[in-house]
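K.L.:
Once you've had a glance at the structure underneath, I'll fire off some questions.
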Amino acid sequence: MFSKRTKVVLYSVAGIVVILALLIGWRYRPYAFHGMVMSSPEFAPNFTLISSRTGEPVSLRDFKGKVVLLYFGYTTCPDVCPASLSDVAKALDRLGRKADQVQLLFITVDPERDSPEEMEKYVQHFGGHFLGLVPQSPEETFAVATQYGIYYEKRDYGSATGYLMDHTATLTLIDKNSYIRVVYPFGTEPRDLAADLNYVLSRW
C-alpha cells in the first residue's frame, strides 16, 4: 500500500499530466474556419477583366502572393453588397498592417451600368484594399461568374433605381498560391473573417 504522502504525490503528478495533455491538445487542435472549407483546395480559375483603377486589363494571377477575397455584386445594390463590403473593411481594419497582404476584388454582375469609373467611385468608399473589376460583355460576365458558382439574374421589382440584380452573396477566400480555401456566406462576422485571414496569412 502507498503511504498517504506517496498518494498525494501520485495524484499531483497525474493531475499535471492531464493538464499538460489538455494544453497540448488545445495547442494542436485543427483550426476551425468560419465558412465552407474546401476539403480538397481547388486552383482558382484565372480571369482577365478591366480594372476600375486604371481602366486596363488585370488578371487574377496578377495578385499571386496576396490573399484574395473575391466578391460578385453591383454598385446599385441596395443592401447586401454594401453590407458585405463594409464587413470586409472592418475585418481588414482588425488586421492592421497585415491587411496590405490582402486584396478584395469586387466583380460587377451589372456591367451595363457599372463602368470602371463608377466602380472606382464605389469601392473607394471601403478603402484602398478594394479593387473593382468590370467584364466587357454579358458573355464574359457569365463565364467568370459560372467558374465560381455565382448565380445572378436581372429583376424588375418596380424600384426607383430601375432593375435590380439578384445574385449570390458569398465571399471566396483564395490563398497566396491561388488556391480556393474558404467560401463565406452573407453575414459572416468581421471578427471571424479577420481570424481566418490571420490564420491563412501565417500558413499559406
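K.L.:
Helix hunt in the chain: which complete DSSP H runs extend at least 30 Å axially by C-alpha with mean Kyte-Doolittle at least -1.0?
P.N.:
4-27
K.L.:
Order the peptides 55-62, 134-141, 167-174 from the highest to the lowest mean number of other Cβ atoms within 10 Å of their residues.
P.N.:
Output ranking for 55-62, 134-141, 167-174: 167-174, 134-141, 55-62.
K.L.:
Return the calculated 222 nm mean residue ellipticity for the chain, to the nearest 500 deg cm²/dmol, obtained by summing -39500 (n - 2.57) across DSSP H runs with n ≥ 4 and dividing by the residue count.
P.N.:
Theoretical 222 nm ellipticity from helices: -11500 deg cm²/dmol.
K.L.:
Moving on. Could the peptides 145-151, 127-133 be put in order, highest first, of the mean number of other beta-carbon atoms found within 10 Å of their residues?
P.N.:
The peptides rank, most packed first, as 127-133, 145-151.
K.L.:
Among (i) 9, 41, 40, 10, 0; (ii) 9, 36, 39, 15, 1, 0; (iii) 8, 31, 30, 12, 6, 6, 4, 3, 1, find the value of P(r) over Cα pairs in 10 Å bins from 0, in percent that was calculated from the structure presented, and write down its label.
P.N.:
(iii)
K.L.:
If we count other beta carbons within 10 Å of each Cβ, what is the order of ILE107, ILE50, fewest first?
P.N.:
ILE50, ILE107
K.L.:
Below 8 Å, C-alpha to C-alpha, sequence gap of six or more: please give me the relative contact order for region 55-196 in percent.
P.N.:
32 percent
K.L.:
Now, a different point. By count of other Cβ within 10 Å, fewest leading, how are THR75, THR54 ordered? Provide the component values of the computation, followed by the final result.
P.N.:
Values: THR75 19, THR54 11.
The order, fewest Cβ neighbours first, is THR54, THR75.
K.L.:
Identify, among PRO82, GLY65, ILE107, the residue whose Cα sits farthest towards the positive end of the charge dipole of region 49-124, taking +1 on the Cβ of Lys and Arg and -1 on the Cβ of Asp and Glu, with the dipole about the Cα centre.
P.N.:
The one lying farthest along the dipole's positive direction is GLY65.
Rule-based calculations on the coordinates, nothing more; no lab input. Being a predicted model, the structure only gives us computed values, none of them experimental. FYI the Cβ positions are ideal-geometry reconstructions off the backbone, even for glycines, and counts take in every protein chain you see.
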